[in-house]
Amino acid sequence: MNQPATRRTLLATGAATLAVCCVGCGDDGDSSSAATTSPSDGSAPASASADSGDGQALGSVSEIPEGGGKVFTEEKVVVTQPKKGEYKAFSAVCTHQGCTLNKVADGTVDCPCHGSKFRISDGSVAHGPATEALAAKEIMVHGNTVHLA
């Protein structure tokens, strides 16, 4: 004979389901900028190791305009330069519905699907429908090349 579910049973089942979903999402909850900044003297940042072979090379710093950025579609990373010599990197996957961001203009990284815009300085939402910031990515600048950390 089946008995109706109690409120406690429903709450416990819902909490367990939520816990499983959160563990599988891979978001550590830190949307702060973890990107590495290059010193103005062109040397490697303190967090970079002395080995210049670290990480996948994305491109030249000359490809990242001051006050703008570049989307590296294949790697699904956007690298920005909010201020001269300051480089930031974020996931190029829109937090709204997972479209790949395609453009950096007027201080934002833009999504072609539904119009979300994210600030180049910290990946925060400048215009919805997205409500969550872009995930920060770590980068290193070795000489004139930007590398994923």
For SER124 and LYS103 in one chain, what is 0.36 nm times their gap in residues minus the Cα-Cα distance, to one decimal in nm?
6.0 nm
Gain on full stretching of the segment that runs from SER62 to GLU138 - 0.36 nm per residue minus C-alpha separation:
25.5 nm
Other-chain or far-sequence residues with amide H under 5 Å of THR145's (modelled H):
VAL61
Straight-line reach from LYS83: which lysines have a Cα under 16 Å away, not including same-chain ones fewer than 8 places off?
LYS70
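Values in this text are rule-based calculations from the coordinates and carry no lab data. Values in this document were obtained by computation on a predicted structure and should not be read as measured data.
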